[in-house]
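Data block below; observations after.
The values are calculated or read from the model by the stated rules, or taken from the named source; none is laboratory data. Here the structure is a predicted model, which means the values were calculated and not measured. Neighbour counts run over all protein chains shown; Cβ positions are idealised from the backbone, glycine included. Keep in mind that these areas ignore ligands, DNA and RNA; they rest on the heavy atoms of the full protein, side chains included. Shrake-Rupley method; radii C 1.70, N 1.55, O 1.52, S 1.80 Å.
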Amino acid sequence: MPIHFKNVNFHYPNSANGVFDINLEIKDGEFLAVIGPSGSGKSTLLKMLSGFATPTSGSVILDGQDITRMPPEKRQLGIVFQSYGLFPHMSARDNVAYPLKIRGINKEQRQAMALEALDRVSLKNWAHNMPLSLSGGQQQRVALARALVFSPKALLLDEPLSALDAALRVEMRDEILRVQRSANIATLHVTHDQEEALSIADRIAIMQAGRIIQLGSPKELYDNPVNRWVASFIGQANLWDGKISKQNNHVETPAGILCCDTGNYPPGTPVTVMIRPESIVPGIKQEQPQNNILQGTIHADRFLGSARRIDLQIKQALLRIDTLSREPFEHVTIPAASIKLLPAE
């Protein structure tokens, strides 16, 4: 494994904060994103890999070598920071060539390697431009080229898209993934943006209070969160307190009794009922048995352009719905397969 956090702990002085019991592997060529609320330990994880923080205990392994106490400059890591960190007095080509200069590569060779790296991020024609003459997306690509020019053992991305506007972030995350795949390099990406992580990561680690709460593919985390907190953190979700009904494969909810797969939960067990808003069908699906058809009153109706977001009051429950339908409705169908049961909290 190119990257392996092995039983890693880090304690901030005079504080209960830190990261605890981190065991995490990132495979060669894998793109792993780390997400979580502020203070969850995401940046600390990146700092320990980059060498700007030393674990209190445990080991950080890079390409089979223990680098736990190795100086940052000797770790052979490519890093793209939130601020990009470009030298304003250097051209794009000289910025990209700088890591090669400090590694003792002669000028002619490093200039050629820098141009090749800029070509990889489609900026060869901007090689002589100064950073301040480049757009935010172009500066981000220069920083990415600089991080990869010396063929590092791994790539670290510290919220590199947070300074860009929404439309450019979408474009640049696709560009980052394209370049990462081309380089086939193990990548650790720290971000606050859930959509960003879901769209480009092979796996996602969700952190809370210094611990990894769940690790898996984007689909696994979205469809099968381990608990209510993860379900509420990843995307939108209707989360209700429920109880397994005595009727086989039914659950009691504030909106009524719903049919679903109750798994191994015995009758009477308290559970959390999760329903994603986009899985709810406005109106009545005639081809389905007359299960999980509910009637309510629209509490809020928001037009989002590509979709509508509706809050429907059903008995004691507020049901959030994301739909493409523009038609009025008062009934909804909740497919049994879209209802997930999580442990009660």
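Computed quantities for the displayed model
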read-out: Local electrostatic count, Gln82, Cβ distance below 9 Å [Lys/Arg +1, Asp/Glu -1]; value: -2
read-out: Placed amide H near Gln214: partners under 5 Å, 5+ positions off or other chain; value: Ile206
read-out: Region 209-314: proportion of alpha-carbon pairs further apart than 24 angstrom, %; value: 35 percent
read-out: In Hz, Karplus ³J(HN,Hα) per residue of region 73-80 (6.51, -1.76, 1.60; θ = phi - 60°; x = Gly, Pro); value: 5, 9, 8, 6, 10, x, 10, 10
read-out: Rel. contact order, % - alpha carbon contacts under 8 angstrom, at least six apart, the chain; value: 16 percent
read-out: Heavy-atom SASA rank of Glu220, Glu159 (probe 1.4 Å, accessible area, largest first); value: Glu220, Glu159
read-out: Potential lengthening between Asn125 and Ala166 on full extension [0.36 nm per residue; Cα-Cα distance subtracted]; value: 12.2 nm
read-out: Positive-pole candidate from Trp126, Ser91, Ala145, dipole of region 81-154, charges at beta carbon; value: Ala145
read-out: Per residue accessible area in Å² of the chain, where ligands, DNA and RNA are left out and the probe is 1.4 Å; value: 48 Å²
read-out: Which listed pairs, of Lys246/Lys340; Lys27/Lys124; Lys101/Lys153; Lys6/Lys47, have C-alpha distances above 20 Å, in listed order; value: Lys27/Lys124
read-out: Amide H contacts under 5 Å for Gly36, placed H, 5+ residues apart; value: Met207
read-out: Positive minus negative residues near Ser43 (Lys, Arg vs Asp, Glu; Cβ under 12 Å); value: 0
read-out: Length gained when the stretch Ile102-Phe87 is fully extended (0.36 nm per residue, less Cα-Cα span); value: 4.0 nm
read-out: Per-residue ³J(HN,Hα) for region 143-152, Karplus 6.51 cos²θ - 1.76 cosθ + 1.60, θ = phi - 60°, Hz, x for Gly and Pro; value: 4, 5, 4, 5, 6, 9, 5, 9, 6, x
read-out: Only Lys, Arg (+1) and Asp, Glu (-1) charged, at Cβ; region 147-293 dipole about Cα centre in debye; value: 420 debye
read-out: Angle between the chain longest axis and helix 107-120 axis [Cα atoms, degrees, rounded to 10]; value: 20 degrees
read-out: Helix-only [θ]222 nm of the chain, DSSP H runs n ≥ 4, -39500 (n - 2.57) each, per residue, nearest 500; value: -7000 deg cm²/dmol
read-out: At q = 0.26 Å⁻¹, base-10 log of I(q)/I(0) for region 51-122 (Debye sum, equal scatterers on each alpha carbon); value: -1.19
read-out: Neighbourhood net charge (15 Å Cβ-Cβ; Lys/Arg +1, Asp/Glu -1) for Ile22; value: +3
read-out: Under the Karplus curve 6.51 cos²θ - 1.76 cosθ + 1.60, θ = phi - 60°, whole-Hz ³J(HN,Hα) for region 93-104, x wherever Gly or Pro sits; value: 5, 5, 4, 5, 6, 4, x, 6, 4, 6, 9, x
read-out: Kirkwood hydrodynamic radius over Cα pairs of region 145-248, then Stokes diffusion coefficient at 10 °C and 1.306 mPa s, in µm²/s; value: 100 µm²/s
read-out: Carbon and sulfur %, accessible surface of the chain computed with the full protein complex present, 1.4 Å; value: 49 percent
read-out: Where the Cα pairs of region 226-271 fall when distances are cut into 5 Å bins, in %; value: 5, 22, 28, 20, 19, 5, 1
